[in-house]
Amino acid sequence: MSSRVSFGVILTLLFSTLSLVSAAAEPEWPQFRGPGGLGIGSGKPPVELGPEKNVLWKIEVPFGHSSPCIAGNRIFLTGQDNDQLVTLCIDRANGHELWRVAAPVDKLEPVRQISSPASPTPCTDGERVYVYFGSYGLIAYDLSGHEIWHKPMPVPVVEFGTGTSPILVDGKIVLVCDQDMDSFLLAVDASTGRDVWRTPRPGFLRSFSSPFLWKHDGVAEIVVAGSISVKSYSVNDGRENWSCRGLARVANASPVAGEGMLLVSSWNVGGDAGDRVTMAPWDEFLAANDKNHDGVLTKDEFPPGPIKDRFSQIDVNKDGHVTREEYENMRDLFAQATNQLFAIKPGGHGDITDTHVLWKVGRHLPYVSSPLCYHGRVYAFKNGGLASCYDAHTGEIIYQAERMNAPGDYYSSAVGADDRVYVASQKGIVSVIDAGSDATQLRVLARNDMGEQVFSTPAVLDDRIYLRTEKHLFAFGEKPDAKE
């Protein structure tokens, strides 16, 4: 009898231990912009923060733009360490680096001067962490840093570098591979790295937006913003569900959802009514500029101006020559490009442009920073430090293009917590905005100068903010009064 009791006690203790281990590994900020990609945090994070203000810990990290990804007590980041691309695991309690693993990269992909080949944010299911480098492909590690599988992929055909982040959907890693040619949407098995499905995206050129899993009415669909339109795909097989026109030539911001609707934002040069980039028909353009009469055009044959500035985008296959097809494809994109922030209701099939758009706004739009839907309002931040706020249900302007007195470009996306919105400028100013239900005008609660550039999006949970700057990763939290 005593042996049975002992065995039962041991079994109970074993299951309790396993439960604690499982709970410790639960992903709390599992992807870009946290749970569901919504950008909504938990707890009561500090309003005031900075290099010497409410710092719980701070560590040096290699250069990179990826945002913190968190499972249990582990924070995952990627970075560029000299000529290596590395994945780091950091103890969330004290900032100690637990491990660092380099990806088997032969050559780093080309990027813009301000960009990084370590821009995609990892994702995690609490058992493994999944990282994507455009210079290599996908890699899965266990939480101790041991490689589980790897999937080499061709380097994307885009000279600005990779910006999209992978997400986890129903046991699959979903990745958007929009580039200047042969774009596709990919799903691989999270356990093995094997392809589950692959959907071509013809007509979609370079994009830096991440996929979004839109859950509503008991269903889930993968939403991808790209050139000119946003599309929905089936989780199971990658088939297209619907398409909605109304985007710019290049998608930077990622979709988000809230209040039962999908929100999509897109801005790029040439998409505003008063700032259109127009291209003459091919035959006319060729006759005027084909100096050697060979039927194609080199960059030297393009006249100076906005079209020549985008030669590398028009020259899709990068052979140094623009053909009729390449030219006319870009001409068509410029003609259709639209800059706007708009809301889509669920339940659409086919082309829903004229049937499911609830409201739209065409002014004062973000370039890279993704919109935030929080407490029934939609927040958007334009370069220059201009804040806009709209009613999520109607699109009614609560305030628009109000100055936060934090100028500069905005590559980081906003997050919300405790009736506040946190957004960081490239110059390193983290503005904290009142997001209470009674806030009818912009009210900046704090402007926090980090003293370093900020490109990544913060993670906010358990009363803490985890923020990556150009050289450091910070953990911020309210410190108890020394007298207490």
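Listing for the model above:
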| read-out | value |
| --- | --- |
| Hits in region 179-201 (condition: in contact with a Pro (Cβ under 9 Å, 6 or more places away or on another chain), open to solvent by 10 Å² or more (accessible area, probe 1.4 Å) and acidic (Asp, Glu)) | Asp182 |
| All positions within region 400-446 that are at pLDDT 95 or above and of a type in the set (D, E, K, R) | Glu402, Arg403, Asp409, Asp418, Asp419, Arg420, Lys427, Asp434, Arg443 |
| Residue selected from region 180-207 under the condition within 18 Å of the chain's Cα centre (by Cα) and modelled with pLDDT under 95, by the criterion farthest from Phe160 (Cα to Cα) | Phe204 |
| Residue ID - least open to solvent (accessible area, probe 1.4 Å), chosen from residues in region 273-314 that are part of a helix (DSSP H, G or I) and of a type in the set (D, E, K, R) | Glu301 |
| Members of region 27-59 that are of a type in the set (D, E, K, R), more than 16 Å from Pro122 (Cβ to Cβ) and in contact (Cβ under 8 Å) with a residue 40 or more places away in the chain | Lys44, Glu48, Lys53, Lys58 |
| Candidate set: region 108-155, residues that are assigned to a strand (DSSP E or B) and β-branched (Val, Ile, Thr); chosen: the one surrounded by the fewest Cβ atoms within 10 Å (Cβ to Cβ) | Ile148 |
| Members of region 361-396 that are assigned to a loop (DSSP other than H, G, I, E, B), free of Cβ contacts under 8 Å to residues at least 60 places away in the same chain and within 25 Å of Lys427 (Cα to Cα) | Arg363, His364, Asn383, Gly384, Gly385 |
| Odd one out for Gly270 among (1) in contact with a Lys or Arg (Cβ under 9 Å, 6 or more places away or on another chain); (2) open to solvent by less than 70 Å² (accessible area, probe 1.4 Å); (3) more than 19 Å from Gly163 (Cβ to Cβ); (4) in a helix (DSSP H, G or I) | (4) |
| Counted residues, region 233-277 - those being on the phi > 0 side of the Ramachandran plot and either of a type in the set (S, T, N, Q) or without any contact (Cβ under 8 Å) to a residue 12 or more places away in the chain (or both) | 0 |
| Residues of region 406-417 satisfying the condition of being open to solvent by 10 Å² or more (accessible area, probe 1.4 Å) and either in contact with a Gly (Cβ under 7 Å, 6 or more places away or on another chain) or free of Cβ contacts under 8 Å to residues at least 24 places away in the same chain (or both) | Pro407, Gly408 |
| Only one of Val86, Val105, Val158 that is buried (at least 19 other Cβ atoms within 10 Å of the Cβ), over 19 Å from the mean Cα position of the chain (by Cα) and assigned to a loop (DSSP other than H, G, I, E, B) | Val105 |
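The values are calculated or read from the model by the stated rules, or taken from the named source; none is laboratory data. Values in this document were obtained by computation on a predicted structure and should not be read as measured data. No Cβ is skipped: glycine too gets one built from the backbone with ideal geometry, and neighbour counts run over all protein chains shown. Heavy atoms of the whole protein, side chains included, go into the accessibility calculation; ligands, DNA and RNA do not. Shrake-Rupley method; radii C 1.70, N 1.55, O 1.52, S 1.80 Å.
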